[in-house]
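This report refers to the structure that appears directly beneath it.
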Amino acid sequence: MPQSLSNILVHAIWSTKDRHPFLVLRPLRDELHRYLGGISTRLNCPTLIVGGVADHVHVLMRLARTITVADWVKEMKRASTVWLIEQAHRDPMLSKFHWQSGYGAFSVSESRVGDLCTYIATQEKHHAKHSFQDEYRRFLQAHSIKWDEQHVWS
């Protein structure tokens, strides 16, 4: 076969360091989500949606054949950290911004894209009732991932 084709949908989630609410300002958060989408597009991984709340983000994207999930997350975090620190004139706390070192990456069926996009778009409503930790545990359970409670949050 002369052509290589793929459609690998990945839902990635990562949080701010110690889940500090660095992203509380809605305009800043919206700009960050657009910025993350741009980084992903530059990596040839088109985003379907980026969303989140003050302490974490969700990204649904199509993984390029030329990059690993780990390298994609590393660049997403690196570039967005630089950008957020540059925004410290808007909120001095951003000068101390860091993402948590880990992340979750989950495969997504094409048939579930619509529901997941709605879920990501309604993060504020969702987190009015559910903590990030409970949300993340549910994703880990749904994808049969074993984790050590002691280490998943540090």
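Every number in this text was worked out from the coordinates using simple rules, so none of it is lab data. Owing to the predicted nature of the structure, the values given are computational and were not obtained by experimental measurement. So basically every Cβ, Gly included, is an ideal-geometry build from the backbone, and we count neighbours across all protein chains shown.
Worth pointing out:
- The range 53-132 - Rg and Dmax from Cα coordinates, angstrom: 14.8, 42
- The three principal axes of the C-alpha atoms in the chain carry coordinate ranges of 54, 32, 28 Å, sorted with the longest axis first.
- Modelled FRET efficiency - R0 25 Å, GLU124 with ILE85, Cβ distances, 0.05 increments: 0.55
- Our note on the geometry: Cα centres of the range 90-151 and the range 40-85, 13 Å apart.
- For the chain, lysine pairs separated by 8 or more sequence positions, or belonging to different chains, with Cα-Cα distances below 18 Å total 4.
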